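Each value in this text was obtained by applying a stated rule to the coordinates, not by laboratory testing. A quick note: this is a predicted structure, and the numbers were derived from the prediction, not measured. Note that each Cβ is placed from the backbone with ideal geometry, even for glycine, and that neighbours are counted across all protein chains shown.
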Amino acid sequence: MWHARPYYHYPPYIRKRFVLDLSCAVLNSPEVGKFSLKGESVMKMYNLMLSNFASKSRIAMYEKGITVEFVDPPGGLGSADYKKVNPLGKVPALVLDNGQLIAESELINEYLEDKYPEKPLLPKDAEGRAKVRAFTRFHDLYLEPPMRAVFPKLFGQKLDDKFIEEKMTEVNTRLDQLEARIGSPWAAGDTFTLADAALAPTMFFMTSFLPQFGSKAPTEGRAKLAAWWGRIQEQPSAKKAMGEQQAALNAMMKK
Ligand SMILES: N[C@@H](CCC(=O)N[C@@H](CS)C(=O)NCC(=O)O)C(=O)O
């Protein structure tokens with residue numbers, strides 16, 4: 001009669017086979033998406049591929065090589081169902097294995113940096129970290145909001161021409177401020193950081209939409225920003241996230 005032996009009694013080539021079979025079983029199970037190929041449980045992020053803030057966190061995840069399950073917010077952004085999960089009703093929001101919710105792209109990215117420091121996206125020194133955070137905060141508080149303010153027009157809402165003009169002036173002032181401080185090859189200097197992750201998806205939107213609102217393209221007359229934009233579109237993590245934004249945008253336009 002054949003008796004199963006403990007796993008470690010089998011020769012290495014059989015042990016490898018077990019791991020492979022187990023991985024396939026995991027992949028084929030209804031729980032797929034909740035485990036990585038290494039069998040580790042996987043975090044879940046409420047996400048929309050089009051969202052620039054969710055893309056900001058996806059870039060950090062792709063840089064770090066973390067497997068995360070992406071799910072749409074139930075009922076959509078701001079819905080009562082989704083607010084039961086995330087009272088802010090916004091994406092992104094990350095759910096940890098222990099059920100803890102981390103909402104807001106910047107908090108998610110800082111958490112990922114603390115938790116998975118092996119591929120760092122912040123420098124080691126306090127001054128370098130402050131420099132990167134100056135970009136992410138500038139992005140979240142000053143650069144992105146005037147662009148977002150005119151988005152309702154894309155969804156058919158009537159906006160005052162004067163309001164649009166004011167917002168475009170504000171966007172261009174912010175872009176000039178960015179041009180004055182952006183580094184090379186990456187936003188904060190020598191290495192790819194959370195600053196690049198924050199700026200890229202918004203630059204994607206600005207490139208697509210600003211001319212529709214009567215503004216020049218964001219890189220026009222801004223040589224340093226143009227050079228950075230050329231580079232970041234080739235960075236695999238950003239390329240993937242912005243490709244996902246583009247595909248979601250194309251799908252939305254078809255509707
Ligand atoms: N400060 C938030 C902003 C997130 C945000 O505004 N997300 C948009 C999608 S890009 C959203 O969920 N909007 C829905 C709403 O405001 O109700 C962050 O950094 O995560």
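Across the stretch 126-254, the relative contact order, built from alpha-carbon pairs under 8 Å that are at least six residues apart, equals 24 percent. Across the stretch 116-132, coupling constants 3J(HN,Hα) worked out from phi with the 6.51/-1.76/1.60 Karplus curve, θ = phi - 60°, read 10, x, 4, 10, x, 10, 10, x, 7, 7, 4, 5, x, 5, 4, 5, 5 Hz, and Gly and Pro carry x. Using the Karplus relation 6.51 cos²θ - 1.76 cosθ + 1.60 with θ = phi - 60°, the per-residue 3J(HN,Hα) values for the stretch 102-112 come to 10, 9, 5, 4, 5, 5, 4, 5, 5, 4, 4 Hz, with x marking Gly and Pro.
Bridgeable lysines around residue 216 (alpha carbons under 30 Å apart, same-chain partners fewer than 8 residues away excluded): 56, 90, 131, 153, 158, 162, 167, 224, 239, 240, 254, 255.
Backbone amide hydrogens, once placed in the peptide plane, bring residue 103 within less than 5 Å of 94, excluding anything fewer than 5 places away on its chain. Annotation: peptides 229-240, 155-166, ranked by per-residue average of other Cβ atoms within 10 Å with the highest first, follow the order 229-240, 155-166. Indicate the gyration tensor shape class of the stretch 191-255 (rounded, prolate or oblate), computed on the Cα atoms with a ≥ b ≥ c the square roots of the eigenvalues: a/c under 1.5 is rounded; otherwise a/b larger than b/c is prolate and the rest oblate. Taking the square roots of the gyration eigenvalues as a ≥ b ≥ c, the stretch 191-255 is oblate.
Proximity of backbone amide H atoms, modeled 1.01 Å from N, is registered between residue 70 and 45 at under 5 Å, excluding neighbours fewer than 5 places apart on the same chain. If the chain linking residue 181 and residue 149 were pulled fully straight, counting 0.36 nm for each residue of separation and taking away their Cα-Cα distance, it would gain 9.1 nm. For the stretch 54-67, the Karplus equation 6.51 cos²θ - 1.76 cosθ + 1.60, evaluated at θ = phi - 60°, returns couplings of 5, 4, 4, 6, 5, 4, 4, 5, 5, 4, 7, x, 8, 8 Hz by residue, with Gly and Pro reported as x. I'd like the Kirkwood hydrodynamic radius of the stretch 126-254, using the inverse of the mean 1/r over distinct C-alpha pairs, in Å. Radius from the Kirkwood sum: 15.3 Å.
Using the average count of surrounding beta-carbon atoms within 10 Å as a protection proxy, the listed peptides 113-126, 82-95 rank, highest first, as 82-95, 113-126. Roughly what percent of Cα-Cα pairs across the stretch 127-202 reach past 20 Å? That tail contains 37 percent of the Cα-Cα pairs.
Once you divide the Cα radius of gyration of the stretch 43-115 by 2.2 N^0.38 Å, the number left is 1.00. When the Cα convex hull of the stretch 118-164 is projected onto planes of every orientation, the mean area is 5.0 nm².
Other residues lying with their Cβ under 12 Å from the Cβ of residue 144 contribute a combined charge of +2, Lys and Arg counting +1, Asp and Glu -1.
In this structure, the amide hydrogen of residue 189, modeled 1.01 Å from its nitrogen in the peptide plane, lies closer than 5 angstrom to those of 183, 184, counting only residues at least 5 positions away or on a different chain.
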